[in-house]
There are 2 protein chains.
Amino acid sequence: MELLHHFRDTSLAALALTHRSAGKPNNERMEFLGDALLGAIVAEMLYETHPKASEGEMSRLRAQLVNGQALAVMARELELGDRLKLGSGELKSGGFRRDSILADAFEALVAAVYLDAGFEACRKAVRTLFADRVAALPRSSKDAKTRLQEWLQARGWPLPQYELVGAEGEDHARTFDVNCAVSEPLVVTASGRGGSRRLAEQDAAEIVLSRLQEAQDGG
Amino acid sequence: MELLHHFRDTSLAALALTHRSAGKPNNERMEFLGDALLGAIVAEMLYETHPKASEGEMSRLRAQLVNGQALAVMARELELGDRLKLGSGELKSGGFRRDSILADAFEALVAAVYLDAGFEACRKAVRTLFADRVAALPRSSKDAKTRLQEWLQARGWPLPQYELVGAEGEDHARTFDVNCAVSEPLVVTASGRGGSRRLAEQDAAEIVLSRLQEAQDGG
């Protein structure tokens, strides 16, 4: 069976493709392990490719790549549906086409690669599969203030106001607090903190931008 | 610096211990990666040590081991507080004693080991640190029906009722649905599914037991 990887122990791949409707043992435990491995390997990819992204940004990007729907798409590309082992009920109702069942099998398969051949083999298979998707993500090489400004200008909206609201600590190790506010057509305010006024502004701009993007995605 | 691991690149360890209050760069991005690695490595430990645990059970056990409070305890054992780099504000307010700051530094340090020496070194360090804690977890070698029965008997509560509520599919590949109900002093019902009536009962018992445990922990 050639799926992601050339399995030495093909029973691992078979188990990964066995849905709980087919009885026990099934892929549920493997799915738990695969989900965790996938999270770590994709986290590393984002850590490398997005050196300026904040923790929150990387977390959002990962959720874009690793979610039930996205994994079901990858499962279909690997034609996992044809190889799933399902109970007769799921078989009749077309379980092999269902996103959740496909995504779970994909995650279980990641664990199967790990159990068969170790972390480096698993990492290599996952990186190969996700390479194009990660490369297609927006780069945030520009700083947050610039990205916020461009985002607002692209919509013809007024620019944000930054205000220094506090500074504490000795001269050689001060912390600055800055508010960033956008008032039209959406009202969003956030405060940022940093070791310089500029860094505090970047921090605040990052938060405002992500809230604006969420508001737009939601609407 | 000897922390979990002998660092070749000590700047990685130093970055892992730099809190955001000290400015940028700090350990926030590393924390994202470390959290993911920790999740995967502990998932594997549970996968090995709890071969009969369900996905949900492993997930609960992991949450018991990997959470802010538990990681802060481990951070204190490693005396991370003394080595943290904090901004002056956090320094004055005792940030080096705060659970969240300690737990974040611990996670970042896990990532630092990975970046310094690769997955096997990171896995080894994490497994060493968690070995006793994982060994101290309750074993669930008994099946779920037995565990549920013992749990109820230990409290002098009535035993559960199992009811077959459905069966579908051809004879050679049937799926059974069973309800498991506990009525006194708590009312909990769950349905389970499996390739045999016994497996469906186990499945239902597992869910009922975990809900009872949650209800008890919560109260």
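The values are calculated or read from the model by the stated rules, or taken from the named source; none is laboratory data. This one's a predicted model, so the numbers in the text were calculated from it and none came from an experiment. Note: ideal-geometry Cβ built from the backbone for every residue, glycine included; neighbour counts use all protein chains shown. When the accessible area is computed, the model is the full protein with side chains, heavy atoms only, and any ligands, DNA or RNA have been set aside. Shrake-Rupley method; radii C 1.70, N 1.55, O 1.52, S 1.80 Å.
So here's what we get for this one:
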{"read-out": "Subset of the stretch A:109-123 (residues that are touching a Lys or Arg at 6+ places or on another chain (Cβ under 8 Å) and of a type in the set (Phe, Trp, Tyr))", "value": "A:119"}
{"read-out": "In the stretch B:139-191, residue least open to solvent (accessible area, probe 1.4 Å) [restricted to those that are in contact with a His (Cβ under 9 Å, 6 or more places away or on another chain) and more than 14 Å from chain A (Cβ to nearest Cβ)]", "value": "B:141"}
{"read-out": "Filtered residue count, the stretch A:127-152, keeping only those that are part of a helix (DSSP H, G or I) and of a type in the set (Asp, Glu)", "value": "2"}
{"read-out": "Set B:32, B:106: member being out of contact with any Lys or Arg (no Cβ under 9 Å at 6 or more places or on another chain), aromatic (Phe, Trp, Tyr) and assigned to a helix (DSSP H, G or I)", "value": "B:106"}
{"read-out": "Residue list for the stretch B:43-99, restricted to those being open to solvent by 50 Å² or more (accessible area, probe 1.4 Å) and on the phi > 0 side of the Ramachandran plot", "value": "B:79"}
{"read-out": "Counted residues, the stretch A:47-68 - those being assigned to a helix (DSSP H, G or I) and more than 8 Å from chain B (Cβ to nearest Cβ)", "value": "11"}
{"read-out": "The stretch B:192-201, subset assigned to a helix (DSSP H, G or I) and buried (at least 24 other Cβ atoms within 10 Å of the Cβ), residue nearest to the other protein chains (Cβ to nearest Cβ)", "value": "B:200"}
{"read-out": "Any hit, the stretch B:38-49, residues being farther than 16 Å from residue B:134 by Cβ, without any contact (Cβ under 8 Å) to a residue 60 or more places away in the chain and not assigned by TED's automatic domain parsing to the domain that holds residue B:205", "value": "no"}
{"read-out": "Output for the stretch A:13-42, where each listed residue is closer than 15 Å to residue B:43 by Cβ, more than 7 Å from chain B (Cβ to nearest Cβ) and either open to solvent by 10 Å² or more (accessible area, probe 1.4 Å) or modelled with pLDDT under 95 (or both)", "value": "A:35"}
{"read-out": "Index of the failed condition, residue A:108 passing every other in (1) within 11 Å of another protein chain (Cβ to nearest Cβ); (2) open to solvent by 20 Å² or more (accessible area, probe 1.4 Å); (3) within 18 Å of residue A:123 (Cα to Cα)", "value": "(2)"}
{"read-out": "Test: residue in the stretch A:69-88 that is part of a helix (DSSP H, G or I), under 14 Å from the mean Cα position of the chain (by Cα), of a type in the set (Gly, Ala, Ser) and not assigned by TED's automatic domain parsing to the domain that holds residue A:213", "value": "yes"}
{"read-out": "Residue A:133 being basic (Lys, Arg), within 14 Å of chain B (Cβ to nearest Cβ), open to solvent by 20 Å² or more (accessible area, probe 1.4 Å) and touching a residue at least 60 places away in the same chain (Cβ under 8 Å)", "value": "no"}
